[in-house]
Every structure is written in C-alpha cells, then in structure tokens.
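Undergrad: First the structure, which I've put down as structure tokens, then a few questions once you've had a look.
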Amino acid sequence: MRTRTGNLCPQMCVSDVQLCPEGYGDDSCPSGQSLCIDGTCSDACGDIPARNNPCGCKFQYPPEDAKGLVPCATFPDVTIEHYNADDLSQLTDFCSDKFNVSGSAPFWGDWSGDQELPDDTEVSSGRRFWAGSQCPKAPKYGYTYKEPLWIGAFSCVGAEVLILLIWVVYKYLREIPIRRMRHGESSGFTTGTASAAAA
C-alpha cells in the first residue's frame, strides 16, 4: 500500500443530473451552459456525439441498463493514503466522503445492486453507478459466420460452385460422342497410312 495522487475517483453516472453530488451536476457549469453527455460544460451539447458518453464504458453496444445514463462532472484529482487498488470499497468510500456523495451506488454493470438515493434530491426514483476507471473491459466482437451477410455470401458462392460442377459434368457427357468420333477417325487414318506404306 502506498500514497497515490491523481484522478482516482470513478466517474459517476446517473439517470438524472439532479442525482449528481452538489457542485458536480448542472450547477458545476457556468451560466448559460449545461452539463453535456461527455461530462464537460458547453452551450452546444447537441454537437457532442453519443459515443463520447463515458457511461457507455466504451462498449460498442452498451447494455440496455446503461442507456439513458449521463455523467456527472468529473471529480478533481485526489490523494489517497494507503491506497489499495484491490479494495474498491475503500476507493468509493473515500470519494463519497470527499465529494459528498450521499446514499450508495453500485458499480457499472451491477444493474441489480442496491440503490440508495440521497435524501435531499427532488428526484423520487433513479439510478446511479460508479463507472469511469471502474468500467469492465468492453467485449471484443467478432464474426460468428451466422450473420445474414455471411449466410448470403456462402449461399452465393455455394450456388456458383454447384453451377460450375453441373456445367463440367454436362460438358463431359456432351463431348463423349465427339471424342469417340475423333478416336475412330484417328484409328482409321492410322490403319490407312499403314496399308499404303505396305503396298
């Protein structure tokens, strides 16, 4: 264990910015600006693409429970003595005390975790999760080759191969009489040439 300083507190994601700790919701932004989906303040939040939302944890296809979550303002750097990276409760307890996060919130991905909302909020229901540095690793997507695109491609290639095989067999059968006729003509020509040479 050692002392660490930095942006250690995870991003807090909420279903309503009113659930953010005091000073880290819309009230953290200058007059005329709003808290955007990327956790920054701006007067043109609509220009920020949805993929910049840290509450999606960089998942290409975020789970349904993550949709609709927005970030609170990013917490500033902190210093934690006797920091233990494996003790997540130490981290969240410290950050909760430091930034007045009342109630409790589970980690992103623990969708059935206990939700204890702050008493001083006007929101009667909602959801809050610790995300950011505590996000799980996004899954790596790959082809299963059962997708409609691949099924269509395999079907087209298979049909072309089948047509080619049918054509080869058809051509071979149709050429049998021609090959026999040519073989007969060749044999007759050889016999005639040999007879002429003997005479």
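Undergrad: When the residues of region 27-43 are narrowed to those that are hydrophobic (A, V, I, L, M, F, W, C) and part of a loop (DSSP other than H, G, I, E, B), which ends up nearest to W130 (Cα to Cα)?
TA: Only one residue fits best here, namely I37.
Undergrad: While we're here: Open to solvent by 50 Å² or more (accessible area, probe 1.4 Å) and either in contact with a Pro (Cβ under 8 Å, 6 or more places away or on another chain) or of a type in the set (K, R) (or both): does that describe S133?
TA: yes
Undergrad: Could you tell me whether any residue of region 71-78 is among the hydroxyl-bearing types (S, T, Y), touching a residue at least 12 places away in the same chain (Cβ under 8 Å) and either surrounded by fewer than 19 Cβ atoms within 10 Å (Cβ to Cβ) or more than 19 Å from C135 (Cβ to Cβ) (or both)?
TA: yes
Undergrad: Could I ask something else about it? Test of understanding: among G68, G46, which residue is over 18 Å from S96 (Cβ atoms), open to solvent by 40 Å² or more (accessible area, probe 1.4 Å) and in a helix (DSSP H, G or I)?
TA: G46
Undergrad: Among G56, G113, which is the only one that is modelled with pLDDT under 85 and either open to solvent by less than 40 Å² (accessible area, probe 1.4 Å) or of a type in the set (D, E, K, R) (or both)?
TA: Of the residues listed, the single one that is modelled with pLDDT under 85 and either open to solvent by less than 40 Å² (accessible area, probe 1.4 Å) or of a type in the set (D, E, K, R) (or both) is G113.
Undergrad: Taking the stated definitions as given, is T92 among the polar types (S, T, N, Q), closer than 30 Å to K140 by Cβ, touching a residue at least 60 places away in the same chain (Cβ under 8 Å) and in a helix (DSSP H, G or I)?
TA: So T92 fits the description; yes.
Undergrad: Might you check whether a residue that is within 27 Å of P21 (Cβ to Cβ) and touching a residue at least 60 places away in the same chain (Cβ under 8 Å) occurs anywhere in region 141-161?
TA: No: zero hits.
Undergrad: A follow-up question, please. Would you check which residues across region 11-26 are outside any strand (DSSP E or B), modelled with pLDDT of 85 or more and surrounded by 13 or more Cβ atoms within 10 Å (Cβ to Cβ) and list them?
TA: Scanning region 11-26 gives Q11, S15, D16, V17, Q18, L19, C20, P21, E22, Y24, G25.
Undergrad: Continuing with the same structure: Restricting to region 68-86, what's the tally of residues that are among the charged types (D, E, K, R) and at pLDDT 85 or above?
TA: 2
Undergrad: Let me confirm something: among S124, S186, which residue is out of contact with any Ser or Thr (no Cβ under 7 Å at 6 or more places or on another chain), modelled with pLDDT under 85, open to solvent by 100 Å² or more (accessible area, probe 1.4 Å) and of a type in the set (S, T, N, Q)?
TA: None of the others qualify; the one that does is S124.
The values are calculated or read from the model by the stated rules, or taken from the named source; none is laboratory data. Predicted model only: the values in this text are computed from it and were never measured. Heads up, the Cβs are rebuilt from the backbone with ideal geometry, glycines too, and the neighbour counts pull from every protein chain shown. The accessibility values were calculated without ligands, DNA or RNA, using every heavy atom of the protein model including side chains. Shrake-Rupley method; radii C 1.70, N 1.55, O 1.52, S 1.80 Å.
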